[in-house]
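Here the structure is laid out as structure tokens; the discussion comes afterwards.
Taken together, the values in this text are just the output of simple stated rules run on the coordinates, not laboratory data. As the structure is a prediction and not an experimental result, all values here were calculated from the model. Glycine gets a Cβ as well: all are built from the backbone with ideal geometry, and neighbour counts include every protein chain shown.
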Amino acid sequence: MIDRVVLVGFMCAGKTTVGYRLADRLGWDFLDFDRAIEEREGRRIAQIFREEGEAGFRGLEASLTEEVQDQQQVVLAPGGGWVTQSELVDRLRSRSLFVWLRVQPETVYARQRVQTAVERPLLGVEHPLEAIRKILADRVGLYQQADAVVDTDGRDPDDVVAEIVELLNRSGARKGVGS
Ligand code: S3P
């Protein structure tokens, strides 16, 4: 029985926007990992990277995953690099529909330029498009392990939500889906 959705995908794929709207549509809870980590740490993600490095941040993602692994009727949106810790993916595998929100590197580049409120440490480099291409190439095999893929380039987030609801209906998810 599926009673949660895990949205995986690269930075700027739309995980937060889609996740929030999807949860609203389903009447499920929504958990954005980065926001939850920032709230409990009282620090922005960029500050955590500066003070503790990427490894420190990945440790916080791991603790949060352990805490939420038994939650039901929830849409989870971990950060784009969460999939690199495969043991975390395994923890959430049961009862979940994993959806890869796929996005092209050029779209990531364009979106991160306008989303100035979110500082993404891995893209704060001299040649961000090259960094995007490289990191995405390194991770694509991990995102591909999701149960389904949904493209997000040039699409209205509500269309993406509708496609995921359809996927859930087909997978026989628990109660009230799409109603
Ligand atoms: C990261 C993605 C970010 C955030 C951190 C690292 C990554 O989340 O967790 O900056 O490694 O891809 P978003 O995918 O929400 O941007």
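Taking 0.36 nm per residue of separation and subtracting the Cα-Cα distance, full extension of the segment from Gln72 to Asp90 would add 4.9 nm. Taken about its Cα centre, the range 78-179 carries a charge dipole of about 380 debye when Lys and Arg each add +1 at the Cβ and Asp and Glu each add -1 at the Cβ. Beyond 18 Å, what share of the Cα-Cα pairs of the range 1-95 is found? Please give it as a whole percent. Value for the range 1-95 (Cα pairs over 18 Å): 44 percent.
Taking trypsin sites (Lys or Arg not before Pro) across the range 44-151, none is in a DSSP loop with at most 11 further Cβ atoms lying within 10 angstrom of its Cβ.
Taking amide H as placed 1.01 Å from N in the peptide plane, Arg102 has its amide H under 5 Å from the amide H of Val150, Asp151, Thr152, each at least 5 places away in sequence or on another chain.
A Cα-only calculation for the range 20-68 places Rg and Dmax at 12.6, 38 Å.
Subtracting the Cα-Cα distance of Ala148 and Glu54 from 0.36 nm times their residue separation leaves 31.0 nm of extension gain. What the Cα atoms of the chain give is an Rg and a Dmax of 15.6, 48 Å. Approximating the spin labels as points 7 Å out from Cα along Cα→Cβ, the Asp24-to-Ser171 distance works out to 2.2 nm.
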